[in-house]
Each structure stands twice: as structure tokens, then as C-alpha cells.
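Structure, as C-alpha cells:
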Amino acid sequence: MARPTVKDERRKQILDAFATCVARYGVEGATLEKTAKQAGLARALIRHNVGNRTDLLDALLEQFLENSRHVTEGMVSALPKHNRTRTLCDWLFDPSSSDAQLVLVANALVAAASTNKALARKMRGWMHAFVAVLNQVIIEEYPEANAEKVSAVALGVTGIYFNAEALYPLGNVKALAKESKQAALLLLDTLEAN
């Protein structure tokens, strides 16, 4: 395996610093100056290794999308053969498995999408990809269920999950997680009635 170059390591350092700034200040507030300070680097090194602010945002977005895809695929591949949707809900609605910075970055990207059409398109794709994975897991467990109902349940569970996870950074959210999981399970129970 090839060793990462200094430029690769520097790029990772810069993207990590930018992610911290986006989580803390939002996309608009995450300036090159704040990123440079967070990374402990000169602003010129950020421009040299990653580029301007637009390049930083593009790189962060690609990193976020890749990490999300990787985490989702890993979660699905680890599901048991039986009770897959229940197990998935156990994982989704466990605040201890949530990455607060990743959640804050996701929220900041979604908020910034309101004024950035390209970002909005990519974030919609991210959401639709997650719903599609959830939809597939549900279909595998409920093969006789009506496809439209499965799609509605998948989207409903996603909405409950995204909402609950967005609030996890508040802390002390055991009741929120428990009741959100219960709401998701109630939606899944509607598929039993087919």
C-alpha cells in the first residue's frame, strides 16, 4: 500500500479543519481564515493544497457523501438475515452511535442548499440514496407489501431519523431517541397488515 503524500495528509488536515468550522459556524461562516486557524496553517497553504473556498466546499461535500455512503453500506451489510428493519431501527435511533460533528455538517450543508442549487441537488441525491437503501431493506423483509406503502414508510422512517439525529447534539435525548424509534416501528408495523 502506498504511503500518503504530504499533500494528501495536508489536504486531509485542511478538510478536517473546514468540517469543524462548518459544524461550528455553518457553511457561510466557515471562512478560509477560520479554517487556516483551525488547521494551524497559513491561508496560502490552504489555497495551495485545496484551493479557494468553493473548492473547499466541493471537497468537503464529496468527502461527506463518500463517508455517508460508506457508513450506510457498512450498516446494511452488518444487518442480520432476520428482523433486519428492527435491527436497523435499533442502530439508527441509538444516540451513542451518532457522530455529532457529522450531523452538524449535514445540517449546515442542508441549510446552505437553500441558496446553492448545485449543493441542493447533491444533498437531495444523498437523501434519496438513503431512502432507497432503507426502501430496499424494507422490501426484503416485507416482499408482499404494496410498493407505494413501502416507499411511504421508508420516507417516513427517514424523516423521523433525520429529525431525531439533528437534535442529538442537544444532549440528554434518550427519551427523544426512544420515542422516535417507537414511531418508526409503528410505521413499519403498518406493513404487517398487508
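The values are calculated or read from the model by the stated rules, or taken from the named source; none is laboratory data. Being a predicted model, the structure only gives us computed values, none of them experimental. Neighbour counts run over all protein chains shown; Cβ positions are idealised from the backbone, glycine included. Keep in mind that these areas ignore ligands, DNA and RNA; they rest on the heavy atoms of the full protein, side chains included. Shrake-Rupley method; radii C 1.70, N 1.55, O 1.52, S 1.80 Å.
Solvent exposure of the chain, expressed per residue, is 58 Å² of accessible area, with all protein chains present and a 1.4 angstrom probe. Report the FRET efficiency, 1/(1 + (r/R0)^6), for L45 and R24, where r is their Cβ-Cβ distance and R0 is 22 Å, rounded to 0.05. Approximately 0.60, to the nearest 0.05.
Peptides 7-17, 138-148 ranked from most to least packed by the mean count of surrounding Cβ atoms within 10 Å: 7-17, 138-148.
Taking θ as phi - 60° and the Karplus parameters 6.51, -1.76 and 1.60, the scalar couplings of region 90-101 work out to 4, 6, 4, 9, 10, x, 5, 9, 8, 9, 4, 5 Hz in sequence order, x denoting glycine and proline. Rounded to the nearest 10 degrees, the inclination of helix 6-29 to the longest alpha-carbon principal axis of the chain is 70 degrees. Counting only heavy atoms of the protein chains and using a 1.4 Å probe, S96 has close to 100 Å² of accessible surface. L191 sits among other residues whose Cβ lies under 15 Å from its own Cβ, and their net charge, with Lys and Arg +1 and Asp and Glu -1, is -3.
Between K7 and A100, the FRET efficiency estimated from the beta carbon spacing at R0 = 22 angstrom works out to 0.15.
When Rg and the Kirkwood radius Rh are both evaluated on Cα atoms of region 37-112, their ratio Rg/Rh stands at 1.13.
Each of V71 and A129 was given a label point 7 Å from its Cα along the Cα-to-Cβ line. The distance between the two points is 1.3 nm.
For the residues T31, T5, a 1.4 Å probe over the protein chains yields an accessible-area ranking, largest first, of T5, T31.
Measuring r between the beta carbons of A78 and D55 and using R0 = 41 Å, the FRET efficiency lands at 0.75.
For the chain, carbon and sulfur atoms together expose 55% of the accessible surface, with a 1.4 angstrom probe and every protein chain in place.
Tally Lys and Arg at +1 and Asp and Glu at -1 over the other residues with C-beta under 13 Å from the C-beta of H82: what net charge comes out? It works out to a net charge of +1.
Take the alpha carbon gyration tensor of region 98-194, find the square roots of its eigenvalues, order them as a ≥ b ≥ c, and report rounded if a/c is under 1.5; if not, report prolate when a/b exceeds b/c, else oblate. Verdict is oblate for region 98-194. Using all pairs of distinct alpha-carbon atoms, the Kirkwood hydrodynamic radius of the chain works out to 18.3 angstrom. Computed extension length for K37-Q136: 31.3 nm, one decimal, from 0.36 nm per residue of separation with the Cα-Cα distance subtracted.
Under the shape rule built on the C-alpha gyration tensor, where the axes satisfy a ≥ b ≥ c, region 1-72 is oblate, since a/c reaches at least 1.5 while a/b does not exceed b/c.
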